[in-house]
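Below is a structure I'd like to ask you about.
The values are calculated or read from the model by the stated rules, or taken from the named source; none is laboratory data. Quantities reported herein were computed from a predicted structural model and do not represent experimental measurements. No Cβ is skipped: glycine too gets one built from the backbone with ideal geometry, and neighbour counts run over all protein chains shown.
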Amino acid sequence: MVASTGRPGENHVIGDMPWRAAGLPAAKLAPTRPILLPELLPACSPILTPPGAADELRALLATAVQAEVVPRLLLRQSGQSTGLDDPGEDEEALPGPEDVVALVALVMTSDAATALCFVDTLRLRGVTLERLHLELLAPAARRLGLLWVEDLCSFADVTLGLGRLQQVLRQLSPAFLPPTRRRDLRRRAALLSMPGEHHTFGPTMVTEFFLRAGWDVWSELCSTEDELIDLVGGQWLAVLGLSVSCDDGIDRLPKMIHRVRRSSRNEAIGIMVGGRVFNENPGLAAQVGADATAQDGRQAALQAETLLALLAERDIR
């Protein structure tokens, strides 16, 4: 069970503190709908970027981290109460929107080690690694993407934040993945960002769930469509997964998927698509010619198992 970032055969495994921020500076970051900064972007108004919004956002993030997040982390590490504990709370304190906001603040204004400390604190409170992946790390990545879409942060800021999230993901990987199993050459997948897109957090997250399910995963970045075609034509793959984050990538997908099917060494290759665009409109998957889509890494791995079963049934016939 390996994740390849080079040629086939080269093995490289891709690598609790509830933050109820009401009344705190960080509360200004907590969304009342699926965008940040409700004060700057009222629910009833069009989505416009006010002058200086990005600077105000960064200032709020820095204030939140320095005034609340870091002190609470230190208190947790020393075993002292932060005054926010609920005596009746379940043993597994599930990550909530406040935790997502806190993690976004940390990856944008601090370093990966501090973000990992925050995540580890949630683990100590009993939150499972799967929940951390699905209910904390993935939503944090989506929120970072929204900051860029709404022009509240620069592309460089979001890239830096996603890079720190990816470092956290890699640090969690050894504990998330089971012991190495015997390789099954039928369970081979390539999980990639759309050629031309540079953010790789989504495919990396999905890769973790595929590896956990015993897949052999290729995750090298393909810069061009021709590189992708060379990949599927150069090795046998059961599944190809493409993550699309930009709307303009949708128009290119039908022809690209047609080329993939025509060039693939596996004429029955299963093609999955995912990312923000398909999360918002799952019906697009069929329109572009894909076989399946999924909302998160866990669903993606389950969908891949279904495609693999269909392939096996076809071989029997």
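Quick check: is even one residue across region 286-307 at pLDDT below 90 and small (G, A, S)?
no
Out of (1) within 17 Å of the chain's Cα centre (by Cα); (2) exposed (fewer than 15 other Cβ atoms within 10 Å of the Cβ), the odd one out for E267 is which?
(1)
Follow-up. With respect to R261, determine if the residue is more than 23 Å from the chain's Cα centre (by Cα) and under 27 Å from L185 (Cα atoms). Lay out the reasoning, then the answer.
Values: more than 23 Å from the chain's Cα centre (by Cα): yes; under 27 Å from L185 (Cα atoms): yes.
So R261 fits the description; yes.
Something else: Of all residues in region 159-193, which are outside any helix (DSSP H, G or I), under 25 Å from V104 (Cα atoms) and modelled with pLDDT under 90?
L177
Restricting to region 159-168, and then to whatever is buried (at least 20 other Cβ atoms within 10 Å of the Cβ) and out of contact with any His (no Cβ under 8 Å at 6 or more places or on another chain), can you tell me which residue is nearest to L116 (Cα to Cα)? Can you show your working first?
Applying the first criterion (buried (at least 20 other Cβ atoms within 10 Å of the Cβ)) to region 159-168 yields 161-162, 164-166, 168.
Cutting the leftovers down to out of contact with any His (no Cβ under 8 Å at 6 or more places or on another chain) gives us 161, 164-166, 168.
Numbers: G161: 13, R164: 9, L165: 9, Q166: 11, V168: 6 Å.
Taking the candidates together, the pick is V168.
Confirm whether F210 is modelled with pLDDT of 90 or more, closer than 29 Å to L116 by Cβ and surrounded by fewer than 18 Cβ atoms within 10 Å (Cβ to Cβ). Let's see the steps before the verdict.
Values: modelled with pLDDT of 90 or more: yes; closer than 29 Å to L116 by Cβ: yes; surrounded by fewer than 18 Cβ atoms within 10 Å (Cβ to Cβ): no.
Against the criterion (modelled with pLDDT of 90 or more, closer than 29 Å to L116 by Cβ and surrounded by fewer than 18 Cβ atoms within 10 Å (Cβ to Cβ)), F210 does not qualify.
Can you name the number of the only condition in (1) under 30 Å from D226 (Cβ atoms); (2) aliphatic (A, V, I, L, M); (3) not in a helix (DSSP H, G or I) that A156 fails?
(3)
Still on this structure, I have one more. Kindly list the number of the only condition in (1) in contact with a Gly (Cβ under 9 Å, 6 or more places away or on another chain); (2) of a type in the set (D, E, K, R); (3) outside the structural domain of V104 (by TED's automatic domain parsing); (4) within 29 Å of V127 (Cα to Cα) that fails for D216.
Every condition holds for D216 apart from (1).
Still on this structure, I have one more. Six or more apart or on different chains, Cβ under 6 Å: which pairs go from a residue in region 211-228 that's closer than 11 Å to R187 by Cα to one that's among the polar types (S, T, N, Q) and part of a helix (DSSP H, G or I)? Could you list them?
Pairs that qualify, where the first residue is closer than 11 Å to R187 by Cα and the partner is among the polar types (S, T, N, Q) and part of a helix (DSSP H, G or I), are V217/T207.
OK, next. Answer with yes or no whether S219 is among the hydroxyl-bearing types (S, T, Y) and at pLDDT below 90.
Numbers: among the hydroxyl-bearing types (S, T, Y): yes; at pLDDT below 90: yes.
Yes, satisfied.
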